[in-house]
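Here is the structure we will look at.
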Amino acid sequence: GSNNTGLGLQALYSNTTAPNNTAVGESALFANTTGAENVAIGKGALQFNTTAPDNAAVGVQALRYNTTGTSNTAIGRSALYSNTTANDNTAVGYSALLVNTTGDRNTAVGKDALISDTTGTTNTAIGYGAGKNISTGAGNTTIGERAGSYVTGLTTGGNNTLVGSITYISTANSIGALVLGHAVQGYSGYTTLGYSTSDIRTVHGSIAWATVSDERYKKNIQDCT
């Protein structure tokens, strides 16, 4: 193996022919044999990687259990800690995507973001605790502090979009809810906008809005004679 850098007790210990790896920290890239162009900085970072290339792990035990998963980026202590064979994940923050094993193409930014995701794919969570209850659900987007993990936590539902701090859905297996606002509850198949319980919503495919009885949301108001 050429152009490798190993700094720390047993860093790059098992490397045989793989080139262009950088391992800094005790046991960083310890089990790597033929995986090329990996970067591991921190104790136990990418410790069990064997043949997978193009991973970047920065933080104590980041991507620790990755073996053959490729093109993953983990920044923060224990980020993508349990990842084994999943590809194309990005985790930034303490324990982000902590227990993900085989779920591909997830993006988690923020402490505990997508912390419960195991096999769910194509989820995006940005913010402290965003999407923290999602386990196997796929295609969800949660943006904002605890988005999707407040009151009723989204777990197995799919293709939901929640934007705003502590936005949440009515059921853990919600499908296709679109929610925008602060502390707003969304429903499967509905678009819901507003602030807390002052919201408006409409079923997808409909042109009508169901509104709260509030003058601020009404138009064409006339005196009743």
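Structure notes:
- Whole-percent carbon and sulfur share, accessible surface of the chain, 1.4 Å: 54 percent
- In the chain, the ratio of gyration radius to Kirkwood radius, Rg to Rh, stands at 1.19 when only Cα atoms are counted.
- Average Cα contact separation per residue, the range 55-163, under 8 Å, 6 or more apart, as relative contact order %: 16 percent
- Computed from the C-beta positions of LYS219 and THR136, the FRET efficiency with R₀ = 30 Å rounds to 0.10.
- Rounded accessible area per residue of the chain, 1.4 Å, Å²: 45 Å²
- Selection from LEU46, ASN15, VAL203, by position along the positive dipole direction of the chain (Cβ): VAL203
- Partner aspartates and glutamates for LYS132 [C-alpha distance under 18 Å; skip if fewer than 8 residues away on the same chain]: ASP104, ASP112, ASP117, GLU145
- Once C-alpha pairs closer than 8 Å and six or more residues apart are averaged by separation and normalised to the residue number of the chain, the relative contact order reads 7 percent.
- Evaluated with a Cβ-only charge set (Lys, Arg +1; Asp, Glu -1), the range 1-104 carries a dipole of roughly 260 debye about its Cα centre, given to the nearest 20.
- Rounded to the nearest 20 debye, dipole of the chain from Cβ charges on Lys, Arg, Asp, Glu: 200 debye
- For ILE41, the residues whose amide H sits under 5 Å from its own are VAL24, ALA57, VAL58, GLY59, ignoring neighbours fewer than 5 places away on the same chain, with H placed 1.01 Å from N.
- Note that the range 1-80, at 20 °C in a medium of 1.002 mPa s, gets a Stokes-Einstein diffusion coefficient of 193 µm²/s from its Kirkwood radius over C-alpha pairs.
The values are calculated or read from the model by the stated rules, or taken from the named source; none is laboratory data. This is a predicted model, so every value here is computed, not measured. Glycine gets a Cβ as well: all are built from the backbone with ideal geometry, and neighbour counts include every protein chain shown. The area values use the complete protein model at the heavy-atom level, side chains included, leaving out ligands, DNA and RNA. Shrake-Rupley method; radii C 1.70, N 1.55, O 1.52, S 1.80 Å.
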